[in-house]
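This report concerns only the one structure given below.
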């Protein structure tokens, strides 16, 4: 089946935001075995949106729209799709009631225009929105599916995963018999290194395709094979997986599509290990990524963001001599990283305490170069390990790479527990 | 004049990369006063690229293509545009000679296929590429301009600035009366509320357009007017701005497109105010967002992520009686928020110390509902202020809304300093 993605929003045409929704949806559809042939962006303009939809309809079986579902007069997507299909729209009273409740809980009156977000196209399935007000819609018309999603990625993404994927599976549009997939997640190895190590497998692929998708710090390897024979599928996938594992198996952190923080927390929770963190240059990013996973409180007890030297001394008890003075190694040093981790360990009494100190840039600090970072892991009953990293990238990249490096090391350490 | 941007590349349709080129070019064209009506992505497929070009040609005066200029058989953009216009392509011998020189300097033999990158469409201006091998092309055909640029952003961007802009100015296509814009950023007010308060201005807009763009916690209002008369532009924008300000001026945090954390840090830095943070349910997100701004260390001294009750006691000195026991208000309470903020203040000795404790979900905590959050701001020489929030959304939305609420309150407080 072939699909196209249409983003509606003048802000995209003005270059005020980048169309990450198209990327996300394209990736998701690729995983479902659906080919995306076109991505289009059009403004909040009825005439041009109609024109784009008319073209799309002649060439695609699945049309996914993002944006234009908000409360304002500019938000026209539902009206135009309904008009194109010759259908009415109506207000979903249940959604309005929920909206009214929410506003009253907040103690603010609901503005009338918000009701526009509860509109539904006749015959469409309602896709609830857990993180925002605009309802999504999904419908089939003359064999073509139209899916309408809100523009903000934080609303669109969970909706896609929780609502659109099940709807597509139920729609009868997917050729379910054939596509079998397996997902493997790797860390501690870059995408090009990983591809290099699998190159001959990727090039030789016949019935089983191997695709790699990289995020900062993680690589997803997806195996896919098309066959109606279940047993054959299992065998093909197992063969390819074992060939991959014999080469890069030590980097595998999950045999499903979960993130490194999720895998780390699952592992530590299972083994009843606890964790605390002392951060300087990452400024709370490690704690933030760990605690963004629901249930992280079983493992993560807390941490300190000791940005200034005073805070390193006051909260973590880092000796003043390490931080200041002619002969001092300074805040960005192996010695300070070690003292931070052990200071955190003393306060939190956790199985693992990590520490991070470095220069995220822009501009050096203590005459040390941007990208120089020290990470330490204190572990109960073992010596604290310190490592020096030299990272490339801008401020946010260096921060993210540092956190990923620490998580990967923690994961390999936690794995050694029975 | 109206334009459209076409990106050619199957990797975009697979979601392997995000189309930042479209954003960059859209921004550049907006600055030139050119309206972009469509952005399209199409794969390396002759049939579909031809189809997209045929559609574009009927509706746009300027068509900018990126990608598909490389050395492989997949790179078809020049061939298809030439075919569409009934023109030949030829090899630019000067570009080939330069290429050969470059390879010989590197000491590697030039692969024959590289010559494809030196192809030029008959009648086109050659756009030299300083950072790569593929030549750009620019031409006018029947009043429509076609500009072909390479896909890699580090080649495309300098080429756009150094070659495309001068070519456009020389093409006679530009209406040199320039677009004048003004951007205002608001917080502490939702997009629909804001639009409601400006509704009559938005509806009455004639020569000056008012557009709103919302992100979580922030609304950008963009004013734009087209006129060749500089003074008239200044006057129109000032009039519209003052009408807006008289209604929602107290929510303005910046008269430029910067984020709330950036504005907050700029304000606090200017007024030499310092900050620390004690976080529970936001798990370090406040510290992370603050420290993601370069230079934040002038203001932000550090913080604590006290996820467990023990950590609240040990680091912040929150009394045990507040946290545990039959009669205790518990970790999620106004009392604990206040004690956290004041505990942080004692350690950090900063002008402001904020504290956050609440239930981000999923699942309640201490039998308190998801979305219940207490925020406290301790300020030197003033009583600590505590506020109860009732927020909607999933875990990450509640966390983000909490942090934005604290930042907005901090910003209004910091503003009161001379």
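Apply the a/c threshold of 1.5 to the C-alpha gyration tensor of segment A:62-156 and tell me whether it is rounded, prolate or oblate. It comes out prolate by the Cα gyration axes. Measure nothing fancy, just the Cα-based angle from helix A:93-106's long axis to the longest principal axis of chain A, in degrees from 0 to 90, nearest 10. That helix lies at roughly 30 degrees to the long axis. Taking the helices alone, chain B has a mean residue ellipticity at 222 nm of -12000 deg cm²/dmol, built from -39,500 (n - 2.57) per DSSP H run of at least 4 residues and averaged over all its residues. In degrees between 0 and 90, to the nearest 10, how far off the longest principal axis of chain B does helix B:334-348 point, with axes built from Cα atoms? Taking Cα atoms only, the helix is inclined about 80 degrees.
Over segment A:239-316, the fraction of Cα-Cα pairs per 10 Å bin, rounded to whole percents and listed from the shortest bin up, is 17, 35, 27, 16, 5, 1.
Each eigenvalue of the Cα gyration tensor of segment A:335-381, multiplied by 5 and square-rooted, gives one semi-axis; in descending order these are 26, 8, 8 Å. Among A:261, A:109, A:150, the largest mean-square fluctuation in a Gaussian network model of chain A, built with springs joining Cα atoms closer than 10 Å, belongs to A:109.
Under a Gaussian network description of chain B, with springs only between Cα atoms under 10 Å, the residue in B:338, B:183, B:368 that fluctuates furthest is B:368. Quarter the surface of the alpha carbon convex hull of chain B and you get the mean projected area, 27.2 square nanometres. Of interest is the spacing of the C-alpha centroids, which for segment B:103-142 and segment B:188-213 amounts to 47 Å. With contacts taken as Cα pairs under 8 Å and at least 6 residues apart, chain B reaches a relative contact order of 10 percent. Size of segment B:178-254: Rg and Dmax of its alpha carbons, in Å, are 12.1, 36. The calculated FRET efficiency for the pair residue A:203 and residue B:112, based on their C-beta separation and a Förster distance of 25 Å, comes to about 0.70.
Can you tell me how segment B:1-92 classifies by the Cα gyration tensor, rounded, prolate or oblate, using a/c under 1.5 as the rounded cut? Oblate, because a/c is 1.5 or more while a/b does not exceed b/c.
Cβ-to-Cβ counts within 10 Å put A:206, A:379 in ascending order as A:206, A:379, the fewest first.
By the count of neighbouring beta-carbon atoms within 10 Å, fewest first, B:189, A:290 end up ordered B:189, A:290. The ellipsoid that matches the Cα gyration tensor of segment A:379-418 has semi-axes, each √(5λ) in whole angstrom, of 25, 12, 6, with the longest given first. Note on the protein assembly as shown: Cα-only Rg and Dmax are 28.4, 87 Å. Largest first, the three principal axis extents of the alpha carbons in segment A:350-405 are 38, 21, 15 Å in whole numbers.
Two numbers describe the Cα atoms of segment B:2-171: Rg and Dmax, which are 15.3, 48 Å. Averaging the Cα positions of each part gives two centres, and for segment A:339-418 and segment B:271-336 these lie 22 Å apart. By the count of other C-beta atoms within 10 Å, a proxy for reagent exposure, B:100, B:313, A:321 are ordered fewest to most as A:321, B:100, B:313. Calculate, in whole percent, how much of the Cα-Cα pair population of segment B:218-356 lies beyond 22 Å. Summing the P(r) of segment B:218-356 above 22 Å gives 54 percent of all pairs.
For chain A, modelled as a GNM whose springs connect Cα atoms under 10 angstrom apart, the maximal fluctuation among A:170, A:361, A:136 occurs at A:170.
Principal-axis analysis of the Cα atoms of chain A puts helix A:230-248 at an angle of about 30° to the longest axis. Peptide A:346-354 has a mean of 2 when you count, residue by residue, the C-beta atoms of other protein chains within 10 Å of its C-beta. Note on segment B:167-222: Kirkwood radius taken over Cα pairs, Stokes-Einstein applied at 37 °C and 0.692 mPa s, translational D equal to 245 µm² s⁻¹.
Just so you know, all these numbers are worked out from the coordinates, no wet-lab data involved. Since this is a predicted model, take the numbers as computed values, not measurements. Don't worry about glycine lacking a Cβ; one is built from the backbone with ideal geometry, like all the others, and counts go over all protein chains shown.
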